[in-house]
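Participant: Here you go, one structure.
The values are calculated or read from the model by the stated rules, or taken from the named source; none is laboratory data. Quantities reported herein were computed from a predicted structural model and do not represent experimental measurements. Note: ideal-geometry Cβ built from the backbone for every residue, glycine included; neighbour counts use all protein chains shown.
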Amino acid sequence: MRRPLPCCVQKGGNVTLDNQITLCVCTYNSSRTLEHCLTSLRRALPKARLIVVDHMSNDGTVTLALKHNAEVYQESIGLGWARQLCIDKVATPYFAFVDSDVELIDGEFFRKAVKILGDQRIGAVVGMSRGHVFAFGLPASLLVLRKEDFKGQIIPKWIDARETFYIQRRLDELGLKTVYIKDAMIHRSQFRKYKPEWEGANTRLLDSDVLKELLFSLGVIILISLNSKNVKT
């Protein structure tokens, strides 16, 4: 049986939200969007530990990260390796994955997520984009998890997309559910037009039923399109 985690308060008391959660951002030439991302995170959690794992950017991404008092680690392997490194570095009860092109707009999101994760039947909290109606899958663009559920090797270093498959698999093994919070962020994706090909290529590498996962990915792409306000999409 898991021990109950300490309650967290933003102000007053002996425990603050800032020292109960670690923020993890994986970057690659993210200077166009990273300032908005990190500024919004620091607005919500000014003293929280911030880890940035950078894929050898050459556009000033690292300089921006250091400006926001981030711990920066550089890697040349891929996103799966970067995500696992984040997990390995976390020493707080909770941690969050935040994409470098996400701007947090709900200043209470992390407080809400930690409160929800106090229910031991729930293992993940996803922040949805503003205006999105359909919740889908387990996107890591704004995702809060409990560290105790993710000890050890979770994500293989060779995977470069669909790494959330391995996070979802761990949640399934533990019988844990996912909760979605609407209107939590704005997602200014730089690489959205490549997502179907990228997802498909890496889905074929998963150690799972390929057809099942391809159909799941197709469903996600359809829901992303339905959430879009772009008529062309």
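Participant: Quick one: Asn14 ticks every box in (1) modelled with pLDDT under 95; (2) in a helix (DSSP H, G or I) except a single one, so which number is it?
Facilitator: For Asn14, the exception is condition (2).
Participant: Within the group Arg192, Arg162, Arg204, Arg170, which residue is at pLDDT below 90 and buried (at least 18 other Cβ atoms within 10 Å of the Cβ)? Lay out the reasoning, then the answer.
Facilitator: Working: Arg192 fails: buried (at least 18 other Cβ atoms within 10 Å of the Cβ); Arg204 fails: buried (at least 18 other Cβ atoms within 10 Å of the Cβ); Arg170 fails: at pLDDT below 90.
The conditions single out Arg162.
Participant: What is the residue count in region 58-98 for residues that are at positive phi and among the polar types (S, T, N, Q)?
Facilitator: Of all residues in region 58-98, those at positive phi come to 60, 69, 78.
Next, only the ones that are among the polar types (S, T, N, Q) stay: 69.
Residues flagged as at positive phi and among the polar types (S, T, N, Q) within region 58-98 amount to 1.
Participant: Is at least one residue of region 57-66 within 14 Å of the chain's Cα centre (by Cα) and either surrounded by 22 or more Cβ atoms within 10 Å (Cβ to Cβ) or closer than 22 Å to Pro139 by Cβ (or both)? Please lay out each step first, then the result.
Facilitator: We begin by selecting, within region 57-66, every residue within 14 Å of the chain's Cα centre (by Cα); these are none.
No.
Participant: Here's a follow-up. Which one is farthest from Leu38 (Cα to Cα) among residues in region 110-128 that are in contact (Cβ under 8 Å) with a residue 60 or more places away in the chain and touching a helix residue (DSSP H, G or I) at 6+ places or on another chain (Cβ under 7 Å)?
Facilitator: Per the stated criteria, the residue is Val114.
Participant: Condition test on Ser100, is it under 29 Å from Leu64 (Cβ atoms), modelled with pLDDT of 95 or more, buried (at least 20 other Cβ atoms within 10 Å of the Cβ) and of a type in the set (Ser, Thr, Tyr)?
Facilitator: Details: under 29 Å from Leu64 (Cβ atoms): yes; modelled with pLDDT of 95 or more: yes; buried (at least 20 other Cβ atoms within 10 Å of the Cβ): yes; of a type in the set (Ser, Thr, Tyr): yes.
Answer is yes for this residue.
Participant: With (1) at pLDDT below 95; (2) surrounded by fewer than 16 Cβ atoms within 10 Å (Cβ to Cβ); (3) touching a strand residue (DSSP E or B) at 6+ places or on another chain (Cβ under 9 Å) as the list, and Cys8 as the residue in question, which single condition is left unmet?
Facilitator: (2)
Participant: Still on this structure, please answer the following. Look through Asp119, Asp106 and report the one residue that is closer than 15 Å to Ala184 by Cα and acidic (Asp, Glu). Please lay out each step first, then the result.
Facilitator: Values: Asp119 fails: closer than 15 Å to Ala184 by Cα.
The unique qualifying residue is Asp106.
Participant: Among the residues of region 128-150, is there at least one that is more than 14 Å from the chain's Cα centre (by Cα), surrounded by 15 or more Cβ atoms within 10 Å (Cβ to Cβ) and at pLDDT 95 or above?
Facilitator: Yes, region 128-150 has at least one match.
Participant: If we keep just the residues of region 97-108 that are of a type in the set (A, V, I, L, M, F, W, C) and under 21 Å from Ser57 (Cβ atoms), which is farthest from the chain's Cα centre (by Cα)? It would help to see each step written out before you state the result.
Facilitator: Within region 97-108, the first condition is being of a type in the set (A, V, I, L, M, F, W, C), and the residues that meet it are 97-98, 102, 104-105.
Imposing the further condition that a residue be under 21 Å from Ser57 (Cβ atoms) reduces the set to 97-98, 102.
Details: Phe97: 3, Val98: 4, Val102: 10 Å.
Within region 97-108, the match that is farthest from the chain's Cα centre (by Cα) is Val102.
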